[in-house]
Structure formats: C-alpha cells, structure tokens
Amino acid sequence: MGAVIKIIAIVLLFTGCKTKQIPVFVERVVKDSIVVRDTIQEVLLEPYFEEVSTKDTVSYLTNKYAYSEAKINNNELYHNLGIWQTPIGIKTIKLTEYKLIKEPVPYEVEKIIKIEKNLTWWQKIRMRIGEIALLFILVFVGFRLSKIS
C-alpha cells in the first residue's frame, strides 16, 4: 500500500502545472535637455531728436549712431548722412525646454506573470480521482482511530 502511494506522489509531482516565464521590457525615464528655439532679438535704439538752426551755410549734427552734414552751395541744399562703425547691441535669448523621454532598457528583465491554464479532460478526471482517494484515506484513518479508542 505504501509503495503505491509513493508512486502516485512521484507521478503527480512530475505531471503538475508549471509556471511560464514571459520576458517583459522595462522602461526607464531619462531627463534630457532639448533646445526648442533660439531667438535673436534686437535692442531698441535710444531715440534722438536734435534740431539746429544756423545763419551759416554749413550745419553738422552727430550722435552715438550717426552723423549728418548739410550745406548750401549756389542756392542748392546739399545733405549727407553717415553711420558710425560701432556695433549696435543685440541680445541673443536661448529658451531651453526640458522634456521627459522614455526609452526601453536594452536588455530583457524577466518578470514572472502567473497565467492560469485551462485543464484538459484527462487532468480534470485525475483531480476527481485524487479527491475521492483523499476522501477514502480520511475515512479509513478516521475508522481506524475510532476502532483503537
């Protein structure tokens, strides 16, 4: 009787259900700085207004950006305007925007996911036989214990 139970236990041990391992890719979050746009904005010039009246035939005006000369010659007005070779201030504004980028890890990480499998008709019959055998064993042991006491 003991050998039969051992053989049944060994057979059930090797024919039981097994877990199935499915590899799952895990994503990690990387913070990366991306320059979205680079804007160049000119600085406004300071307004200048200057007016000169003279009784002479020559007039000369200047400021930090340009110069002007006017003269009358033979009842004709001659006027010239020039600019200085100085750089005018220009601001460069860089706007940096941070975006989160998700990228998959280059290696697989195994994560165990338990999936219940539907039993075949043969596995269902074996389970029922096992339940009946366990019931008979419990009744037999209970009967033996009641006889001894």
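The values are calculated or read from the model by the stated rules, or taken from the named source; none is laboratory data. Since the model is a prediction, treat every value here as computed from it, not as a measurement. Glycine also receives a Cβ, built like all others from the backbone with ideal geometry; neighbour counts cover every protein chain displayed.
As a summary of the residue check, Ile148 satisfies the conditions (1) in contact with an Asp or Glu (Cβ under 8 Å, 6 or more places away or on another chain); (2) at pLDDT 70 or above except for the one numbered (1). Of the residues making up the stretch 49-85, those that are in a loop (DSSP other than H, G, I, E, B) and either hydroxyl-bearing (Ser, Thr, Tyr) or on the phi > 0 side of the Ramachandran plot (or both) number 6. A count restricted to the stretch 44-78 and to residues that are of a type in the set (D, E, K, R) and within 60 Å of the chain's Cα centre (by Cα) stands at 3. For the stretch 88-107, the criterion of a residue being assigned to a loop (DSSP other than H, G, I, E, B), at pLDDT below 85, aromatic (Phe, Trp, Tyr) and exposed (fewer than 10 other Cβ atoms within 10 Å of the Cβ) is satisfied by at least one position. Pairs are defined by a Cβ separation below 6 Å, a sequence spacing of at least 6 or placement on different chains, a first member in the stretch 120-136 that is among the small types (Gly, Ala, Ser), and a second member that is surrounded by 11 or more Cβ atoms within 10 Å (Cβ to Cβ) and modelled with pLDDT of 95 or more; no pair meets this definition. Within the stretch 108-122, being among the charged types (D, E, K, R) and at pLDDT 60 or above holds for Glu110, Lys111, Lys114, Glu116, Lys117.
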